[in-house]
Amino acid sequence: MTDMHVSNHDQMADCLQGLRVIDLTRNLPGPFATRLLADLGADVLKIEPKQGDPARVFGELFAALNHGKTTEKYDFHDPKEIEAIKAHLKEADVMLDSFRPGVLAEMGLDAKTLHVINPKLVIVSITGYGVADCHSTEGVYLESAESKNSSQVTHDWANKAGHDINFMAMSGVLDQLKTAQGEQAMPNIQFADLAGGSDTAVIALLAAVFAAQRTGRGRHIAISMTHSLYNHMVMPKVTGKLINSLSGKDLNDILLPQHDFLGGALPCYRLYQTADQRHMAVGSLELKFWQGLCEVLELPSLKEIHWQLGIMPNRPESEAATNTIAKKFASQTLEHWQRVFSAKDVCVTPVLSLHEAKAHPLFAHQDEHHSTSGWQQVN
């Protein structure tokens, strides 16, 4: 572990000192959420069933998610051991679980019961599809009718089983991940679990703890990974209408993801294949970056072919620019273009493999679990 990594974590590890977290979650979304809390200094007690967290079979993954936490095992079906868990919760600030709705009540760990012994306790349940018959706001479900500007949730999906692929599929996100030819991609990054589950849970949790410190009242929050992921699609919901309007299509027409504003329709924002079948990522969205790109590629005639100058994706000039740049990138290898653009500030980067990313100087401060925190304290 490098000094930089130790320094970054040490500097931020005082932020949540004193926050007592009881973690009943397993697998990926919950443990990654509490891993983030632990990195920020929270005291995390991971409580597993007697057979252990199923993620233990993955060895290094379990270690990466759960190092630095205290672990205890209990029989969740034994009333005496449930009482022992309650003893921990009496002094805790937060409890996280990843059971289906209703399981906490069956265990005797529902909010009504726990708030009698600890009124300030914040309970966060990470679920696949949320809970029904509650009021909702942006994918965070509250067991309260006090929230303004909310709508009644009446779906019948609360008790359905699912995993990341199912939540991505139902949110509409998976359909957005297509190749330029329209082929469906099968991602191995758990966007629903991590963005829709872990990150959303941490945000809601910290907000609720802040409120509990001011009001003395905790609350039970149910995180819906599916609804949170759907909420992340803020760009496709808007840009699709824009592209359709520019092309003269009805706004209700379905826009293919690969034809979206940031999905490959613009010559200045897309992937280009190299001579060795690798790809360069061009993100020269602003005019200044686009014109800088054209200079590097020695294509000055394309400088004015840009959406900020009124040349939209539906124009022949835009399509011609895409073809010209594609031929240029296809003429040389990834290594060549990586070398060419290394000193040029025009938002063009190589598409690295995981192996290449691990070895890149950008990630030189990763720890023994190949982890880098997403934050740094600036002195």
Worksheet entry | Vicinal HN-Hα couplings computed from phi for segment 195-203 (Karplus, 6.51 cos²θ - 1.76 cosθ + 1.60; Hz; Gly/Pro x) | 6, x, x, 4, 5, 5, 4, 5, 4
Worksheet entry | Ranking by accessible area, most exposed first, for Val234, Val131 with a 1.4 Å probe | Val234, Val131
Worksheet entry | Kirkwood Rh, Cα atoms: Rg over Rh of segment 19-83 | 0.97
Worksheet item: Build a GNM of the chain with springs between Cα atoms under 10 Å: which of Glu48, Glu83, Glu356 gets the top mean-square fluctuation?
Response: Glu356
Worksheet item: Taking H as built 1.01 Å from N, whose amide H comes closer than 5 Å to the amide H of Glu48, not counting residues under 5 places away?
Response: Glu72, Lys73, Tyr74
Worksheet entry | aspartates and glutamates whose Cα lies under 15 Å from that of Lys328, excluding same-chain neighbours fewer than 8 positions away | Asp276, Glu295, Glu298, Glu319
Worksheet item: How would Asp133, Asp43, Asp75 line up by accessible area, probe 1.4 Å, largest first?
Response: Asp133, Asp43, Asp75
Item to complete: Name the residue, out of His355, His365, His77, whose mean-square fluctuation peaks in a Gaussian network model built on the chain with Cα pairs under 10 Å.
Response: His355
Item to complete: Once you've got the GNM for the chain with C-alpha springs shorter than 10 Å, pick whichever of Leu205, Leu121, Leu302 has the biggest mean-square fluctuation.
Response: Leu302
Discussion item. As an exercise, find the ratio Rg/Rh for the chain from alpha-carbon atoms, using the Kirkwood inverse-distance average for Rh.
Written reply: 1.03
Worksheet, complete the sentence: When all Cα-Cα pair distances of segment 267-347 are considered, the percent exceeding 20 Å is 23
Item to complete: Round to a whole angstrom and tell me the spacing of the C-alpha centers of segment 38-97 and segment 297-320.
Response: 56
Discussion item. Run lengths n ≥ 4 of DSSP H only: what is the helix-derived mean residue ellipticity at 222 nm for the chain, with -39500 (n - 2.57) per run over all residues, to the nearest 500?
Written reply: -10500 deg cm²/dmol
Response to the item:
trypsin sites (Lys or Arg not before Pro) in segment 292-379 lying in a DSSP loop, each with at most 16 other Cβ atoms within 10 Å of its Cβ, come to Lys303, Lys344
Worksheet item: Once amide H atoms are built 1.01 Å from N in the peptide plane, which residues 5 or more positions from Val124, or in another chain, come under 5 Å H to H?
Response: Met95, Leu96, Asp97, Ile221
Fill in: In order through segment 100-113: 3J(HN,Hα) via Karplus (6.51 cos²θ - 1.76 cosθ + 1.60), integer Hz, x for Gly, Pro
6, x, x, 5, 4, 5, 5, 7, x, 10, 6, 4, 4, 5
Discussion item. For Thr349, what accessible surface area do you get with a 1.4 Å probe? Give it in Å², rounded to 10.
Written reply: 70
Discussion item. Contact order normalised by length for the chain, with contacts defined as Cα pairs under 8 Å and 6 or more residues apart; what percent is it?
Written reply: 15
Worksheet item: Ordering Cys294, Cys15, Cys347 from largest to smallest accessible area (1.4 angstrom probe), what's the sequence?
Response: Cys15, Cys347, Cys294
Worksheet item: Do any of Lys237/Lys344; Lys69/Lys237; Lys46/Lys112; Lys237/Lys303 go past 28 Å between their Cα atoms, and which?
Response: Lys237/Lys344; Lys69/Lys237; Lys237/Lys303
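The values are calculated or read from the model by the stated rules, or taken from the named source; none is laboratory data. This structure is a prediction, so every number in the text was calculated from the model and none was measured. As a convention, Cβ positions derive from the backbone with ideal geometry for all residues, glycine included, and neighbour counts pool all protein chains shown. These area figures cover heavy atoms from the full protein model, side chains too; ligands, DNA and RNA do not enter into them. Shrake-Rupley method; radii C 1.70, N 1.55, O 1.52, S 1.80 Å.
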